[in-house]
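I have placed the structure first, in the form of structure tokens, so that the comments after it can refer back to it.
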Amino acid sequence: MIAERVLYECYGFAVDCEVEPEARAVADRFFGAPLVERSGPLPPSPAARLRIAVNDSTAVAVEPPHTLEVIASNPITIDTGSSRAVVEPDAWSISLSLARKDLDDPIVWGRWILERLFLYLICRSPRHYPLHAGAIAVEGQVALISAETGVGKSTFTWWAHRKGARLLGEDIMVRHLDDPSARFWGYPRAVYLSPELVAASPELDGAASAAVDGGRKYRVEVGGPDGPPPPASPTCLVFLARDEAAAAAAPGIRRLTPDEAVERSREDFATAKHDETVLASVAADLLASVAGLPIFELALTSDLDASYELLRSTLQTI
């Protein structure tokens, strides 16, 4: 079957994709509209080369390992038993064979394969790094929202979006060291939300969704038809925190220093980076990117409206 040649974008990278026609809908759902033009140039970063073929496997798909050992392997292999991706990180080259039966399963092709392989490429690259963060635009201000797993970052960023903020990224924000602007690139086309939050969001009625972890969360596709999202040029950095004492009281917010921000982010940007020279350059880039920004810690409570209003009112003072 003759593959189509399509140019997409993901995390600020051009993605030169050769995709068999049967899998074209998967590529469009994951990347959005093909890259024709955008308001500003992409960073001077390598284009990822992605080949998507379709196979006839009838094997049951099983979640592949998601470990540092996998990220550090060469090539990187993501194998569900039915669908399989082989990633050559030095060449930014990916060969993906999707089982025909998996074409309608966004957990297999989205969560287990495509989302992970781009994260793995970023972690392996000496010129890029990820933050475990989302980003929202609120009344002219752009906040990077970072938090440890389980704090409620996805819930809070989606709630902010529901209250009128623009969602620029949900889980991972990516920095290109060779980008002269202090921009971060996100992937806001899919969000991971609790079933309660999905039910409380009528705007998600009809959105494609799939259960994760036995239904504890849902992967919900929220990307629109307008093509790649703009990068986030942050005007502040916010770390979310949650503890039982804070949750019982009113939400609070306090200032942090740039050095504290770098240390809180070290586990994110250091993933799979072992060269001390690379780590030093990444840490220096992050420090330079946030040094002139207000940096806050926001203590979340169960009252998301109050937490968001505190952040919104704080942003008005910047």
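The GluC sites (Glu not before Pro) of the stretch 1-103 that DSSP puts in a loop, and whose beta carbon has at most 11 other beta carbons within 10 Å, are Glu37. Considering helices alone, the calculated mean residue ellipticity of the chain at 222 nm is -7000 deg cm²/dmol, with DSSP H runs of length four and up weighted by -39500 (n - 2.57) and normalised per residue.
Taking 0.36 nm per residue of sequence separation and removing the Cα-Cα distance, the Lys163/Ser313 pair yields an extension gain of 52.7 nm. Counted over the chain, the DSSP beta bridges are approximately 70% antiparallel. Using a probe radius of 1.4 angstrom, the carbon and sulfur fraction of the accessible surface of the stretch 1-95 is 54%.
Using a probe of 1.4 Å on the protein chains alone, the accessible area found for Asp213 is around 90 Å².
The order of His132, His161, His66, His274 by accessible area, most exposed first and with a 1.4 Å probe, is His274, His66, His161, His132. In the chain, the longest principal axis of the Cα atoms and the axis of helix 258-269 are about 20 degrees apart. Placing unit charges on the Cβ atoms only, positive for Lys and Arg and negative for Asp and Glu, gives the chain a dipole magnitude near 280 debye about its Cα centre.
At an R0 of 22 angstrom, the distance between the Cβ atoms of Glu18 and Arg100 translates into a FRET efficiency of 0.80. Each Lys and Arg adds +1 at its Cβ and each Asp and Glu adds -1 at its Cβ; summed about the Cα centre, the stretch 42-191 shows a dipole of about 360 debye.
Projecting the Cα atoms of Ser307, Ile122, Tyr192 onto the dipole axis of the chain, where Lys and Arg carry +1 and Asp and Glu carry -1 at the beta carbon, places Ser307 farthest toward the positive end. Placing Ser146, Ser97 in order of accessible area, with the largest value first and a 1.4 Å probe, yields Ser97, Ser146. Solvent-accessible surface of protein heavy atoms, probed at 1.4 angstrom with all chains present, puts Thr77, Thr271 in the order Thr77, Thr271, largest first. Averaged per residue, the chain has 43 square angstrom of accessible surface, using a 1.4 angstrom probe with ligands and nucleic acids left out. The label-point distance for Arg216 and Val36, in a model that sets each label 7 Å from Cα toward Cβ, rounds to 4.3 nm. Of all lysines in the structure, those lying under 27 Å Cα to Cα from Lys153, and not within fewer than 8 positions of it along the same chain, are Lys163, Lys217, Lys273. State whether the chain is rounded, prolate or oblate according to the following rule on the C-alpha gyration tensor (a ≥ b ≥ c being the square roots of its eigenvalues): a/c under 1.5 gives rounded; otherwise a/b larger than b/c gives prolate, and the remaining case gives oblate. Cα axes put the chain in the prolate bin. Using heavy atoms of the protein chains and a probe of 1.4 Å, the accessible area assigned to Phe239 is about 10 Å².
The values are calculated or read from the model by the stated rules, or taken from the named source; none is laboratory data. On a predicted model such as this, the values are computed, not experimentally measured, just so you know. Note that we place each Cβ from the backbone using ideal geometry, even for glycine, and neighbour counts take in every protein chain shown. Side chains included, ligands, DNA and RNA excluded: accessible areas come from the protein's heavy atoms. Shrake-Rupley method; radii C 1.70, N 1.55, O 1.52, S 1.80 Å.
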